[in-house]
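Data block below; observations after.
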Amino acid sequence: MIDATAATAARGRAGRWKAIFVAALVLGVLGTSAWVLFGSRVLVVRNVEVTGTRLVPKSQVVAATGVPLGGSMIKLDTGTVAERVAGIQQVESVRVERRWPTTLRIEVRERVPTVVAVQGGRYYHIDRFGVIVLATSARPRGLPELRVAAPDPRDPATAAALAVWRSLPGRFRGRVATIGATDPEDVTLRLRSGVSVMWGAAERAAEKLKLVEALAGTAAGRSAHTIDVSSPEVVTTR
């Protein structure tokens, strides 16, 4: 009986030491992991990769991130980095991700000029949303001219003209020389053939386009200098 009690006590002591050993081992592993993640020089930003840039220098994108080399990869806020890079005027969208263990990758989608506005002898390249991408002293080739009083994404006339532009299929866009608007209800296209299309508001674009293309195959359409499809129910030419 005494031997059995002693054996039980010995097993209890061994179990307690085993539990203490396991607990110490777990704490050591956790401590080491925490040090690797937050305190060591293993998981830090050593490289910043930038892709998709043509207009914006990569150095400008890297500077906009505000992320120092050697900073913690774990503490890095990719959402904040994306917001900073998106603040560059020529950037339309951006994707930021960690490439473990030491690389920050930034995929940039730049704004693409679709029209050009002329003011004060300068040519302002404007994207599909009305944002000025860049300005040059020489006229760019291949871009139709946007004619509005004040080119700006917040300008209703600009927004209407560009909404019409976005609604046009690529096969038709190549025929447009200028697109202008005095107000949101008065968008006008001037084709490279010299014909003016009074488009009106941006609504019902598919109907208006079909009418313009249908008229192109008629004698009235071929001889017209102006086509008015602003009210699709009543189309006029002159």
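Structure notes:
- Straightening the chain between ASP152 and GLN60 buys 30.7 nm, computed as 0.36 nm per residue apart minus the Cα-Cα spacing.
- Of all accessible heavy-atom area on the stretch 120-238, the percent that carbon and sulfur account for (1.4 Å): 54 percent
- Calculated FRET efficiency, THR182 to GLU213, Cβ-Cβ distance, R0 = 22 Å: about 0.30 to the nearest 0.05.
- In this calculation the C-beta distance from GLU107 to ALA206 is compared with R0 = 25 Å, giving a FRET efficiency of 0.15.
- Annotation for the stretch 201-238: GluC sites (Glu not before Pro) lying in DSSP loop with at most 10 further Cβ atoms inside 10 Å of their Cβ are GLU233.
- Å² of accessible area per residue within the stretch 86-232, as computed with a 1.4 Å probe and no ligands counted: 49 Å²
- Of all beta bridges that DSSP places with both ends in the stretch 180-238, some 75 percent have antiparallel geometry.
- The slack in the chain from GLU145 to SER72, taken as 0.36 nm per residue of separation less the alpha-carbon distance, amounts to 21.5 nm.
- Measuring r between the beta carbons of ARG222 and ARG171 and using R0 = 22 Å, the FRET efficiency lands at 0.70.
- Scalar couplings 3J(HN,Hα) for the stretch 103-117, obtained by applying the Karplus form with A = 6.51, B = -1.76, C = 1.60 to θ = phi - 60°, are 10, 9, 10, 10, 9, 9, 10, 7, 5, 10, x, 10, 9, 10, 10 Hz; x denotes Gly and Pro.
The values are calculated or read from the model by the stated rules, or taken from the named source; none is laboratory data. Everything quoted here is computed from the prediction, not taken from an experiment. Quick reminder, even Gly has a Cβ in these numbers, built from the backbone with ideal geometry, and neighbours come from all protein chains shown. The protein model used for the area step is the full one, side chains on, heavy atoms only, and it has no ligands, DNA or RNA in it. Shrake-Rupley method; radii C 1.70, N 1.55, O 1.52, S 1.80 Å.
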